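*Asks:* Have a look at the structure that comes next, please.
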Amino acid sequence: MLTSLISGEPVQLAEGFAPDITKTVCISGHRAKSIAPYNGNPVYQNITAAAVKLLLGRYIDMAAERGYVSFISGLATGTDLWAAEHIIRKRSQNSSIQLIGAMPYLRHAERFSAADKRLLAEVEREADLLITVDPDPDIVYSKTHGRGSRDLYRNRNYYMVDNSAAVIAFFNSDETFSGTAQTLNYASRRGRKICRFGLEDVYRIIDRSGTDLRNIARSISFLDNVFDKSL
């Protein structure tokens, strides 16, 4: 049996996982370094990051409100793990929700910071299922030959889209060469619903609500459910 190198939890092969695609959403998005503070002012860095997480959580809530029950996280730092944390909290109120963690390969977290490894371990322990797209315990991401492959993340991204009806993404339009851009481009070609938000959306909310986090949260909570629209 395969096990996670971070948490020791069991890991299944992705090819053996068959969710109800019509009720499944995958999540993709940028890391914390892609969050530029509101008005370019470092004083607002934490507020901006908190607003991103609140908006991400609201979109996940919207999906759950419209009957989506399975949520796939790619277990990368940033958006993937923030989403996983929110889904775990939400599952405590709605037992029908499940979190699936999709690893690109078993050694994907070797370069995570200590804090991100701790968070990943917590998420893995709480996940309903962990899967890996590549079970080779020795393979690593590399653009060279040997035991490396440059397709590991692409394969994970494509797998998540192929097994989902919709994608929720935190994506800044100027980051066109990111893994999130790759995921969204593939989702568009596959005809998936796409729920995308970026920093421009976060800034507009702060413009409207001010920089008090309670007001930002209130504004986000009143957003219309985008899953009622044609995405």
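*Asks:* Within the chain, how many Lys pairs sit with Cα atoms under 28 Å apart, leaving out pairs fewer than 8 places apart on the same chain?
*Replies:* Final tally of qualifying lysine pairs is 18.
*Asks:* Right, next: Could you line up Ser178, Ser221, Ser4, Ser28 from fewest to most neighbouring Cβ atoms inside 10 Å?
*Replies:* Ser221, Ser178, Ser4, Ser28
*Asks:* Hey, another quick one. By its C-alpha gyration tensor, with a ≥ b ≥ c as the square roots of the eigenvalues, how is the range 81-182 shaped: rounded for a/c under 1.5, else prolate for a/b larger than b/c, else oblate?
*Replies:* Here the range 81-182 falls in the prolate category.
*Asks:* Sort out the exposed loop chymotrypsin sites (Phe, Trp or Tyr not before Pro) in the chain (DSSP loop, at most 11 other Cβ within 10 Å) and tell me the longest stretch that has none.
*Replies:* Longest stretch, sites excluded: 1-176.
*Asks:* Okay, next question. Diagonalise the Cα gyration tensor of the chain and give the resulting equivalent ellipsoid semi-axes, square root of 5 times each eigenvalue, largest first, whole Å.
*Replies:* 28, 20, 17
*Asks:* Then there's this: Taking 30 Å as R0, compute the FRET efficiency from the Cβ-Cβ separation of Arg89 and Glu175 and round it to 0.05.
*Replies:* Efficiency computed from Cβ-Cβ geometry: 0.60.
*Asks:* Figure the gain on full extension for Asn41 and Asp224 (residue separation times 0.36 nm, minus the Cα-Cα span) and round it to one decimal in nm.
*Replies:* This chain segment gains 63.0 nm when fully extended.
*Asks:* Moving to a separate point now. Which angle between 0 and 90 degrees, to the nearest 10, do you get for helix 45-65 versus the longest principal axis of the chain when only C-alpha atoms count?
*Replies:* Between helix and principal axis, roughly 70 degrees.
*Asks:* Please determine, in degrees from 0 to 90 and to the nearest 10, the orientation of helix 79-91 with respect to the longest principal axis defined by the Cα atoms of the chain, where the helix direction is its Cα long axis.
*Replies:* Computed tilt is about 80 degrees.
*Asks:* With everything on Cα atoms, drop me the angle between helix 199-209 and the longest principal axis of the chain, reported from 0 to 90° to the nearest 10.
*Replies:* Around 30 degrees separate the two axes.
*Asks:* Turning to a different aspect of this structure: Given +1 on the Cβ of Lys and Arg, -1 on the Cβ of Asp and Glu, and no further charges, what dipole in debye does the range 13-222 carry about its Cα centre, rounded to the nearest 20?
*Replies:* Dipole size: approximately 300 debye.
*Asks:* Tally Lys and Arg at +1 and Asp and Glu at -1 over the other residues with C-beta under 12 Å from the C-beta of Glu9: what net charge comes out?
*Replies:* Overall, the nearby charge balance is -3.
Where a number appears in this text, it was derived from the coordinates with a stated rule and is not lab data. Computed from a prediction, not measured in an experiment: that's the story for all the values here. Methodologically, a virtual Cβ is constructed for each residue, glycine included, from the backbone with ideal geometry; neighbour enumeration extends over all protein chains shown.
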